[in-house]
Amino acid sequence: MREGNWRPRIVAFFCNWCTYTAADLAGVSRLKYAPNARVIRLMCSGRLDPQLVLAAFARGADGVLIGGCHPGDCHYLEGNYKTLRRFRLLRRLLRDLGIEEERLRLEWVSAAEGEKIRQVVTDMVETLRALGPLDLPGQFRQWDQEVETLKAQVVEAERLTPQPA
Amino acid sequence: MNPTSKPKVAFYWCASCGGCEEAVVDLAEDILNVVEAVEIVFWPVAMDFKKQDLEAMPDRAIAAALVNGAIRTSEQEEMVRLLRRKSQCLISYGACAQLGGIPALANQFEREEILRYVYQEAPSVINNSGTYPQPATPHNGDTVTLPAFRNSVRALDQVVEVDYYIPGCPPTPALTKAALDALLAGRLPPRGTVLAPDVALCEQCPRLESKPKDLSLDAFQRPHRTALDPEKCLLAQGIPCMGPATRSGCEALCIKGNMACTGCFGPTSRVLDHGAKILSCFASALAPKEPQGIDQALAGLPDPVGTFYRYSLARSLLRRKRGPSQTQHFIRGNPP
Amino acid sequence: MIATIEPELATVCQRDTTLETLLQQPEGRRILSCIQCGICAGTCPYGEYMDFPPRRIISMLRRGLMEEVFQSDSMLRCVACYACMTKCPRGIRLSDVLLPLVKEQTLQRAPEMPAELQRSLQNTLRYGNPMGESSRKRANWVTTSPVPVPILAEIRRPVDVLWFVECYTSYYPRGQDNSRAVARLFNALGIDFAILGNEEKCAGDCGQLTWESGLFETLTDYNMEILRKYKFNRLVTGDTHAYNAFRIRYPMYGFNYELEHTTPFLTRHVEQLKPRLKKPLNVTVTYHDACCLGRRAGFYEEGRTLLRAIPGVKLVEMVHNRMNSLCCGGGGGGMWLDTYFKQKGMDRLSERRIKEALATGADVLAISCPYEVYRFEDALKTLPHARPMRVRDVVELLAESLED
Amino acid sequence: MRTPRPDQVRIGFYICHCGTNIAGALDVGEVVNHVAGLPGVALARDYKYLCSDPGQELIQHDIRDHGLNRIVVAACSPLMHERTFRRAVEEAGLNPFYCHMVNIREHDAWVHTDRQEATAKAKALATGAVRRVALHKPLETKKVPIHGEVLVVGGGIAGIHAALILADAGKRVYLVEREPTIGGHMARFDKTFPTLDCAACILTPKMSAVGAHPNITLWTYSEVTQVEGYVGNFNVTVTRKPRYVIEDACTGCLQCIEACIYHDARFPDEFNLGLGKRKPIHLPFPQATPPVVLIDPGTCIEFKTGKCKKTCVEACADRRAIDFQQREETRQIQVGTIIIATGFQTFDPRRIPYYGYGVFPTVYTALEVERLLNAAGPTGGEVILRNGKPPQRVGIVHCVGSRDENTNRYCSRVCCLYSLKLAHLIKEHTGAEVYNFYIDIRTPGKGMEEFYNRVAEEGMHLVRGKVADVYPDPADPANGRLMLQVEDTLMGRILKVPVDMLVLSVGLEPRADTQEVRRKFNLCCGPEGFFLERHPKLAPVSSYAEGVFLAGCCQGPKDIPDTVAQAGAAAAQALALIVRGYTEQEPNTAYVREEDCSGCKSCIPLCPYTAISLAADKQKAFINEALCKGCGVCVAACPSGSIGQNLFEDEQLLSEVEGVLTYA
């Protein structure tokens, strides 16, 4: 992160057949959009293990974008429905853990919808800007500070106390 | 106490219900064998030891320290650090030490909320003077201190390094004995191992046969509102059973009691986040395809965090509820 | 009514084609294929001053709205530089066919013709030259020639080359310089040549282009009759407009002689000439491509070849050269419309061209069309310039270098 | 093949300038410097064109000279060049799956304007890839055998041409056509531009060739109802609609039509777009292939009342071809590849009400005019208006339903030329004054500009301007004369042009059921709704479904020469697959770690390909590699983390997530 100039970080999990291809199309069409999304290619959005979503947040993502084929269009028949179901539950779970639902977004983007990539990414960046940084790594450090302070004191005390024979 | 040649063992109890201590006792006759084989040098719940006794020991003097309970206070931190220093092998005993356990569900709430509730708002409390526990209170010209109540509940290994884990709420006597036997025999697996089978519970489940191969759920059921078939896979009855995502080794005791697995053994070694995994499994098995139907089916899971992270919230990837920032004040609380 | 067209294009259009019948002709079909790209208007030196540049004329023609075009004096601004025709992607013979027909109709409807132009056309009809000089003095310049210039009526024998001198080179003093030079060069090369002398009349090119069809017919008939009186192998002229008339239109009136302009003619003899060009001129020269010789007839390199043959000549190019050359503004009647153009607030094309010539830093502006001497020398008088510049016909420079 | 331990990972990182495509948008050197400092990276380089031979050789030399065992290439989309680099890596002796690509062109350089941001993004993506590739495993590509049969869907000129090429190559072809005859749109055309040869003259020989070809199974009046399987092994269900005439028994003698109880043809004739009439039993047009009549149960008396004298059956006599009991039938076939040639539909000009189609009887679509011009058409080739008179003035409006944000944004490509063709033909047939109203005249293609020239020179009125209003001519309302109001934009004048006939040059559109077909065959559609090709330049006939190729106007508007060329290309691609005999599949299959599996069966119902079963003896899940398509749904859902997926392992993805987040 560049100092004093926070930019939302998005990890985007795109399915190979529709959304990833749409992002390629956006490129080929030279559409311009916000540079905040880091795309990770999956064969199907159905491969997206919720653990990866949580890991992305835990490792510093401000938002996670999932892109899959439109309902009925899944290259693997129904993978996107599985994604949708997990997504619905995961959003609730995140909400209950104090993470704004908007930080996790699921979009159906077909291979032809390069323009939609532009819209979705740009819109999501705006949403995240309004929400502000999630910065879980920072939050973890802050939470652990109470432990770290004590740890330092213990270490210091042990240094001063000669070890029993 | 005269030093002996027997390996020295310590037990300690942090934020827990006491069930783990009970489990040790539950070893029944086997406890005698253990006592025979080891020298118990520290066990505050059962025997009279003081912190100074521990401090007086040379570092790594204890062969194995079994710690149960999660870490919530500065005192617990201090004690486990001390134990860590004095022990060759630190064993996390039970779900709370391993995963945060039930106490870690408190991580869904801000410390302040908890204190306010416990000392003021709970229906049974009358506290007109608004007295709250303070880390340090002047008393008769002296200062009386209390351990600091931490912002988060932590698993043991989030505070000190842990060598082995014995899972369970509580661990079964069989697992405990097997672990202690291995310890005494020096037959220990690589450090960091959970001393239970690394396979999900279904493998041991007596109802596995009854689970259909084409499970598709229209809804989740609340167990207390459902007449449960004592023979049939609970998940197949719409009961959120954590068995498929939970490490086995418990002998499926809950299932045998017609009760769904709640996940106390934690996930397998391949899983980073217990809750996320079972969430994925459950959600994938739903039948509806459109948001409304999906939400309806999921209405039977009113508390996803409490269900999926009943024992493992402290060890989850997100660790706790992200709350408002006024917690800052408490985090800076002085240690005793 | 229209005259003719290049022999190879004779089928494109009939002699008696009018605007009414044009679209039924092969050339009319080309006009229908116009894609309205506007390159004609874009390349026209006076395009920005025209209400109806060629593209719009075609558009109006196809919609049957030509009367509006005739009401405008737009077409008088055409200097027949052939730029539009040369660049037309559809190959429409604008300057040859369509524009003259429009000009004719425009002039017929014009409430009054610019006086200068009217006088020139009247002079040409009455005296056979636009200056209104006596036709009996046409061959007077011959007496000033350092070499003998035979006149056909006098020598009464067939010659190889009939040299068609034309008006400007017969009457105007600077034009006579050109004629004397040609005579010297012919003499030096041992050409068997003769002129028509006082029998010659204007070939009529500009009259045709500004469209006085009666005048043009009169001149053509007259000149053809004279030519038929004599025997010669080829007709050579130093006047690009006469050359144009003979090349493009006279064939329709029975003209089938071999025809050459002096510049390519001399270029054909350049190797023979070279040893005689002894006197180094030590000048930098830039060459102006005359519209009728360059764009219209494709002789771009010949003038340059002759210049290179002269010792001490360094050749430099103007920004617009060869096919892209800028017109001097004298064609299509422009020679007699300077006052009119000025009234309309249009800049003079000769001045536009001279600026380019001056920018080359050349000492001499070489030309190959007799109109240009006057136009460019006048422009040099009105345009301030630090370095002196002379305007010389290529033949004058050749003669200058010729050993005595 | 070397399989180094993770601690021996030596990663080579390569970033491609792609000329200025990438290097112009981000700081390539900065990315190299950043990646060079990452753990495991032995070498980091940039190069002008990595996909070039020298670029690939550079990587190959480095693998040998520097002992590299992992390669990361930051360049274009992996969908473009992943195979190129994997092959290069393999040639250098490394397992190809030790190579990973980072997409910094389509996903970065081309879509961002801030150089610093684009550079930062490239660093992040590269870091993800470097982290990920360290955990890659050697894998082998899976080879799957291919069935030699081909299914061609659609019997227009594209399908016909593709089918004939494949059949001539000795392959069995199933040609399925929805209509009772093949021929498609082309069969309705009168003449074809730019050569003006008669459409039937060039089409019907090909149609008969299809009908007679021993290698072609022609199923008309049929539809593909289900497609299962994948490249090389498609299981296709074809439904054959009843035509109430037994195809094998009918000789095409047409005596039944003659004998029909209806003395006169009185029902709108589909083939002539309702401009002509037919009987309940009919042949769509004389050269219909197969030459088999059919009965329209909607108009046949026997079907409506059951009390017809069945004179048709009498006429058919002992050929006994007529069968009122015929039912819909289904056929199952197995094919290796599929060619989609489902064509287009013409724009319905009712959607632009101000042109008065369907309101004023003198307004026609271009396709209707084709039928009027055709000697075999309803008027015997006379251009006669519905009022029985030939037109003296005709207006042709170009771009109806094309280049218009209100209807279709794209250019339909063929309308300029067919409008010019119709102008020529109408003038030829009637001597009428013909006005073409155009936005731009677009005539690309061989001989097309010359054709435009020719028609222009014939004296067609070409008016640049789009007709804005059509209303009855106030001067002559009785005769159906229409007034067209248009700005001649080249002159800046409003023209009012009276015409007797208005022809609407309707654009080409995706067929109404495109979405249904797309789902059936797992295709993608472009923004305009036509089937999307894999790459507009490099894979113009490949679809996004492996083994399914596109031919003709279902992929986008095109003229007959291009359609035929594309059909040939699709046939060649299909043939290339069949001749090779197998396809290579990405080794991205999922697998169960047996010792970890609890046999919970959660994964089994999730697999769309029934690739997962429970090994009865062990009570463990088992994934049939041949059936697995590599979607990874089961991997994500396995509650105990016991299913892995090649190329998409949990730890690889997790490392990638961490990697892309380490740099912002």
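The table that follows gives values for the structure above.
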{"read-out": "Cut-off under 5 Å, modelled amide H: who pairs with residue D:339 long-range", "value": "D:151, D:152, D:153, D:549"}
{"read-out": "Degrees between helix D:53-66 axis and first principal axis of chain D (Cα, 0 to 90, nearest 10)", "value": "20"}
{"read-out": "Under the Karplus curve 6.51 cos²θ - 1.76 cosθ + 1.60, θ = phi - 60°, whole-Hz ³J(HN,Hα) for segment C:23-34, x wherever Gly or Pro sits", "value": "5, 8, 7, x, 5, x, 5, 4, 4, 5, 7, 4"}
{"read-out": "q = 0.09, 0.13 Å⁻¹, chain A: log10 I(q)/I(0) [Debye, one scatterer per Cα]", "value": "-0.38, -0.65"}
{"read-out": "Convex hull volume per residue for segment B:181-243, taking Cα atoms only, in Å³", "value": "148"}
{"read-out": "Förster-model FRET efficiency, 60 Å R0, residue A:123 and residue C:377, C-beta, rounded to 0.05", "value": "0.25"}
{"read-out": "Kirkwood estimate for segment B:1-150, i.e. one over the average of 1/r between Cα atoms, Å", "value": "17.5"}
{"read-out": "Extension gain, residue B:45 back to residue B:303 (0.36 nm per residue minus Cα-Cα distance, nm)", "value": "89.4 nm"}
{"read-out": "Solvent-accessible area, 1.4 Å probe, carbon plus sulfur percent, for chain B", "value": "53"}
{"read-out": "Heavy-atom accessible area, 1.4 Å probe, ligands and nucleic acids excluded: residues of segment D:596-622 down by at least 30 Å² from chain alone", "value": "D:596, D:598, D:600, D:601, D:602, D:605, D:606, D:608, D:609, D:619"}
{"read-out": "Hydrodynamic radius by Kirkwood, which averages 1/r over all alpha carbon pairs of segment C:115-268, in angstrom", "value": "15.5"}
{"read-out": "Percent antiparallel among DSSP beta bridges (both partners in the protein assembly as shown, rounded to 5)", "value": "35"}
{"read-out": "Segment B:75-123: Cα Rg divided by the 2.2 N^0.38 Å rule of thumb", "value": "1.55"}
{"read-out": "Chain D: translational diffusion in µm²/s, Stokes-Einstein, Kirkwood Rh over Cα pairs, 20 °C, 1.002 mPa s", "value": "74"}
{"read-out": "Debye, to nearest 20: dipole size of the protein assembly as shown, +1 on Lys, Arg Cβ, -1 on Asp, Glu Cβ", "value": "1180"}
{"read-out": "Two-site label geometry, residue B:214 and residue D:389: point separation in nm, points 7 Å out along Cα→Cβ", "value": "7.0"}
{"read-out": "Cut-off 11 Å between beta-carbons: net charge of the residues surrounding residue C:354, Lys and Arg +1, Asp and Glu -1", "value": "+1"}
{"read-out": "Quarter of Cα convex hull surface for segment D:6-139, i.e. mean projection, nm²", "value": "6.8"}
{"read-out": "FRET efficiency, residue C:116 to residue D:512 (Cβ-Cβ, R0 60 Å, nearest 0.05)", "value": "0.25"}
{"read-out": "Residue D:301-residue D:471 FRET efficiency (beta carbon distance; Förster radius 41 Å; 0.05 resolution)", "value": "0.40"}
{"read-out": "Per-q log10 I(q)/I(0), the protein assembly as shown, q = 0.05 Å⁻¹ (Debye; single scatterer per alpha-carbon; no solvent)", "value": "-0.67"}
{"read-out": "Rounded accessible area per residue of the protein assembly as shown, 1.4 Å, Å²", "value": "39"}
{"read-out": "With DNA, RNA and ligands ignored, accessible area of residue C:252 (1.4 Å probe; Å², nearest 10)", "value": "60"}
{"read-out": "Antiparallel bridge percentage (DSSP; both residues within chain C; nearest 5)", "value": "5"}
{"read-out": "Area hidden from solvent between A and B (accessible, protein heavy atoms only, 1.4 Å, total, Å²)", "value": "4500"}
{"read-out": "In degrees, nearest ten, helix D:560-580 long axis to first principal axis of chain D (Cα)", "value": "40"}
{"read-out": "Virtual paramagnetic centre 7 Å along Cα→Cβ of residue D:202, amide N under 12 Å, in segment D:561-582", "value": "D:561-565"}
{"read-out": "Simple spin-label estimate for residue D:610 and residue B:228 in nanometres, 7 Å along Cα-Cβ", "value": "3.4"}
{"read-out": "Estimated D of segment D:462-567 in µm² per second, where Rh is the Kirkwood radius over Cα pairs and Stokes-Einstein applies at 25 °C, 0.890 mPa s", "value": "144"}
{"read-out": "q = 0.12 Å⁻¹: log10 I(q)/I(0) that the Debye formula gives for chain C, counting C-alpha atoms only", "value": "-0.94"}
{"read-out": "Ordering of A:119-127, C:176-184 by packing [mean C-beta count within 10 Å, highest first]", "value": "C:176-184, A:119-127"}
{"read-out": "nm² value of the averaged projected area, convex hull over the Cα atoms of chain B", "value": "21.2"}
{"read-out": "From phi via Karplus (6.51, -1.76, 1.60), per-residue ³J(HN,Hα) for segment D:484-495 in Hz, x at Gly/Pro", "value": "9, 10, 8, 8, 7, 6, 6, 9, x, 10, 8, 10"}
{"read-out": "Computed label-point distance, nm, for sites residue D:579 and residue D:478 using a 7 Å Cα→Cβ extension", "value": "7.0"}
{"read-out": "Chain A: DSSP helices with Cα axial extent of at least 27 Å and average Kyte-Doolittle hydropathy no lower than -1.0", "value": "A:136-160"}
{"read-out": "Label-zone membership for segment D:165-194, site residue D:329, 7 angstrom Cα→C-beta point, backbone N under 19 Å", "value": "D:173-182"}
{"read-out": "Convex hull of segment D:255-315 built on C-alpha atoms - directionally averaged projected area, nm²", "value": "4.1"}
{"read-out": "Dipole-positive endmost among B:69, B:91, B:132 within segment B:32-150 (Cβ charges, Cα centre)", "value": "B:91"}
{"read-out": "In the A-D interface, the accessible area buried, summed over both sides, Å² (probe 1.4 Å)", "value": "4600"}
{"read-out": "Order by protection proxy (mean Cβ within 10 Å, highest first), peptides B:92-99, B:6-13", "value": "B:92-99, B:6-13"}
{"read-out": "Folded to 0 to 90 degrees: helix D:448-457 orientation relative to chain D principal axis, Cα", "value": "30"}
{"read-out": "Shape of segment B:201-315, Cα gyration tensor, a/c cut at 1.5", "value": "oblate"}
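The values are calculated or read from the model by the stated rules, or taken from the named source; none is laboratory data. These numbers were taken from a predicted model, which means no experiment stands behind them. Note that we place each Cβ from the backbone using ideal geometry, even for glycine, and neighbour counts take in every protein chain shown. The accessibility values were calculated without ligands, DNA or RNA, using every heavy atom of the protein model including side chains. Shrake-Rupley method; radii C 1.70, N 1.55, O 1.52, S 1.80 Å.
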